[in-house]
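For reference, the structure discussed in these notes is given below.
Quick note: the coordinates plus some simple rules give every number you see, no bench work behind them. All values reported here derive from a predicted model rather than from experimental measurement. Note that we place each Cβ from the backbone using ideal geometry, even for glycine, and neighbour counts take in every protein chain shown.
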Amino acid sequence: MLSGRPWDRERAVDGRQLGYPSVRCKAWRAREGAVQIMRERVRWVGRLAWANAVAMGLVLLLGATVTATGSGFGCGESWPLCHGRLLPPLTAEGIIEYSHRLATLVSGLVLVALLALTIVERRELFARWETRIVAGLLVGTLLLQSALGAAAVLAPRHPLVMAVHFGVSLTVFASALLLALVLTRGESLRARRRLHVPAGVVRATWGLLIGTYAVVYLGAYVRHSQASLACLDWPLCQGRLIPDLVGPTGVVFLHRLSALVLTLGLVGLVVRLWRDRVLRRERPDLVWSGLVALGLLLAQSVTGAWVVWSRLSLASVLGHAAVVTLLFGTLAVLAYQSLPERALMERAARAPVAGVSVSQ
């Protein structure tokens, strides 16, 4: 009698053992090999997705470094080349500006590889509306970001254009972060989103996301219009609670006031989530995302004060940009988490129609 594992047994013919595995064993091993290859490719999709999100964040921070160091014209007025050449001059400004452009190119190539691998290996996941919308938003905003960057080099720099450029960069990072979550945690996110979330919470999360974008836009405008030090103290401005609301001082005060309103709104949302026992039990992801966002918003205020007290030191400016990047990404995730799953939305849309037909 033959013994051992099925794939280690040898076929007996006329009472003799032949030294080769059975055909069934070979097929089983071939299937196992194919499954392992498929799993490894799926892992690569996840790795590329998170690498893409990190790359987009680094591109944003490199752009903030370009602004903080005054390296915007480190490559002259030529784009995509640097002073009409492929390689930059060996100057600090040229290297910083060229590094920003090179990082943008690399992140774009990573995105192309990610989308191609996702379409091939995770076709069923790419077919879902969440993936297609987030991927489309990421590609569109990345192209817009590149176009605005080129316009900033080839045309006279205007604070409004540069502020929009930073806002679009935030959208690129948030889209990359959402795409990574959808590709790696899509099923768990969909399962949680099947649980009901009050409409007021959904409106509040999306309102805070839009409000944060407006506050960030104001802050970017303050930075690019050279008005960051219009108020040389913090939290007061010119030693007063309400300064003269004219010129750069008025813009800075409006930015601080809008940040205060945003903080109060986020505190209200976190309190609402925490006091709802059902949400705390069934949707802890919403509660924790809200708490993380609140912590980042408070850190944003601290780094904003640091920018003023240090008189625009490079570390403070980059810290401020890094925190606001993480804050906007966290709020984007929170807003996505608050949305109901699509099947639930379709059932809710059909419910009133069904009710009318039954009553008739």
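Computed quantities for the displayed model
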quantity: Lys, Arg +1 and Asp, Glu -1 on Cβ, resulting dipole of region 38-186 about Cα centre, debye, nearest 20; calculated: 520
quantity: Rounded D (µm²/s) - region 38-186, Kirkwood Rh over Cα pairs, Stokes-Einstein at 10 °C, 1.306 mPa s; calculated: 99
quantity: Furthest towards positive pole of dipole, 115, 170, 144, structure part region 38-186, Cβ charges; calculated: 115
quantity: More than 15 Å apart - percent of Cα-Cα pairs taken over region 204-291; calculated: 64
quantity: Protection proxy ranking, peptides 210-218, 267-275, average beta carbon neighbours within 10 Å, highest first; calculated: 210-218, 267-275
quantity: Assigned charges on the beta-carbon of Lys, Arg, Asp, Glu; region 195-339 dipole about Cα centre (debye); calculated: 300
quantity: By average C-beta atoms within 10 angstrom, highest first, the peptides 297-307, 58-68; calculated: 58-68, 297-307
quantity: Leading residue at positive end of dipole, region 195-339 (Cβ point charges), from 317, 235, 225; calculated: 235
